[in-house]
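Following: one structure in structure tokens, then a few remarks.
The values are calculated or read from the model by the stated rules, or taken from the named source; none is laboratory data. Computed from a prediction, not measured in an experiment: that's the story for all the values here. Please note: Cβ atoms are built from the backbone with ideal geometry, for glycine as well, and neighbour counts cover all protein chains shown. When the accessible area is computed, the model is the full protein with side chains, heavy atoms only, and any ligands, DNA or RNA have been set aside. Shrake-Rupley method; radii C 1.70, N 1.55, O 1.52, S 1.80 Å.
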Amino acid sequence: MLSLGRRAATWLPRLFALSFALILPAIAIAPAAIAGLPPGNAITDGRALLRYALPIDNPDIREVQKDIEGLSDNLRAKRWAPIERNLKHVSKVLNLRPKNILAAVPEERRPQAEALLAELKTDLSKLEEATAAKNKPEVQAARNHFLAVVGEIEELMVEGFPFEVPAEYRNLPRLEGRATIAVETTQGDLTLVVDGYSAPITAGNFVDLVQRGFYNGLPFTRAEDFYVLQIGDPVGPETGFIDPKTKQERQIPLEILVEGDREPVYGATLEELGRYTDNPVLPFSAFGTLGWARPSDNLNGGSSQFFFFLFEPELTPAGLNLIDGRYAAFGYVVEGKEVLEKLRPEDKILKAKVVAGAEHLIQPS
């Protein structure tokens, strides 16, 4: 991995000068503005961001999640005492407040949630044993499994879709939930999770195009080291998907859900709305964030082109990376990030397939 200085030397000049026809307009920022960015503690793992993005409100399961998510920093530095304290706190919550967690799960799903809580206690025992032995790889493996189970419990808590998509956009496909996409490329396989809870129109448009086979065989049209990897430009003069029903290019609005809001804002950047300090629920803070491309002069002109964000997270803290609030994120690469580093414009998506969550796609009536 390049050092911070070498990476900065590589991408900062490009960031200042590059005009991104379908993603980023030219950005001119004084170098001092970049130098002054605080390092922060942005969440840089796509799976963690997806867990936090779920529309639930249960402080106990979030408390458990936060403590176990937070092990990573202490684990990297081999600070075992703070890890032990976190595990003791998690044990206390799981043993003293399981009813509070189960109360947030719809009654018909509670038996499944109870089984998952029992699995968490088993995982916690493994974490405690590995921590006592100061076995870093085993702690990491147990932590990852623990958090995957936490995510399953949190998903069980979601009941129905949390808001109504505005009537003017109901002529577009929408995803009322989440979907997992398996992508086979010429360099290897990727697994994507797209989040309709936060970006139902953007994610719905993407899932619909995947199901149509739109991306199969398409080449990557832009591959910038430490920047973006873009695809979705169809063969021929068109720049987007032509809907066979209307014979027109399907266009979707800019769609951003902000932390604390109940539903997304449409057709405006957060900067235009004066919400300079607000953070999107799905930030561009993870390597492999999925973003929707659009013409630089049309916020609502996105169609079929999307991009993988390739900046290293430590250089792009959430809310301070110049893309949050200007472009729609709609999911994350959860497996195969190493493949993203290999892909070039001569490479292609061979096949993309919805492997879970297809039932959440709602087609316009």
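Details
- Pairs from Lys66/Lys134; Lys121/Lys351; Lys66/Lys342; Lys66/Lys126; Lys66/Lys99 whose Cα-Cα separation, in the structure shown, is over 29 Å: Lys121/Lys351; Lys66/Lys342
- Average 1/r across all pairs of distinct alpha carbons in the stretch 39-125, invert it, and you get the Kirkwood radius: 14.2 Å.
- Protection-proxy order for peptides 121-127, 322-328, 354-360, each taking the mean of Cβ atoms within 10 Å per residue, highest first: 322-328, 121-127, 354-360
- The smallest convex shape that holds all Cα atoms of the chain, its convex hull, gives 146 Å³ per residue.
- Label-point separation, Ser365 to Val235 (7 Å along Cα→Cβ), nm: 3.9 nm
- Between the amide H of Val265 and those of Ile256, Leu257, Val258, distances stay under 5 Å, these residues lying 5 or more places away or on another chain, with hydrogens modeled in the peptide plane.
- Amide N of the stretch 281-304 lying under 14 Å from the label point, which is placed 7 angstrom from the Cα of Glu272 along Cα→Cβ: 294-302
- Cross-link partners of Lys92 among aspartates and glutamates (Cα-Cα below 13 Å; sequence separation of 8 or more within a chain): Asp60, Glu63, Asp67, Glu84
- Take every pair of alpha-carbon atoms less than 8 Å apart whose residues are at least six positions apart; their mean separation over the length of the chain yields a relative contact order of 22 percent.
- Gain in span if fully extended, Ala115 to Lys136, counting 0.36 nm per residue against the direct Cα distance: 4.8 nm
- Ordered by 1.4 Å accessible area with all protein chains kept, Ser91, Ser365, Ser296 run largest first as Ser365, Ser296, Ser91.
- In whole percents, the pair-distance distribution calculated for the stretch 87-224 from its alpha-carbon pairs, binned every 10 Å from zero, is 10, 27, 26, 24, 13, 1.
- In plain terms, the chain from Glu155 to Glu168 could stretch by 1.8 nm, reckoned as 0.36 nm per residue minus the Cα-Cα distance.
- With Cα atoms, 0 to 90° folded angle of helix 59-69 axis to the chain main axis: 80 degrees
- Nitroxide proxy distance, nm - points 7 Å out along Cα→Cβ at Thr186 and Ala356: 3.1 nm
- Within straight-line cross-link reach of Lys348, lysines at Cα separation under 20 Å, skipping those fewer than 8 residues along the same chain: Lys337
- Placing +1 on the Cβ of every Lys and Arg and -1 on the Cβ of every Asp and Glu, with no other charges, gives the chain a dipole of roughly 740 debye about its Cα centre.
- Largest GNM mean-square fluctuation across Arg174, Arg250, Arg47, computed for the chain with C-alpha springs under 10 Å, falls on Arg250.
- With the helix formula -39500 (n - 2.57) applied to DSSP H stretches of n ≥ 4, the chain reaches a computed 222 nm mean residue ellipticity of -11000 deg cm²/dmol.
- Using the Stokes-Einstein relation with a Kirkwood hydrodynamic radius computed over Cα pairs, the translational diffusion coefficient of the stretch 242-365 at 20 °C and a viscosity of 1.002 mPa s comes to 132 µm²/s.
- 0 to 90° range, to nearest 10: angle between helix 80-96 axis and the chain longest Cα axis: 80 degrees
- For the chain, the longest principal axis of the C-alpha atoms and the axis of helix 200-211 are separated by about 70°.
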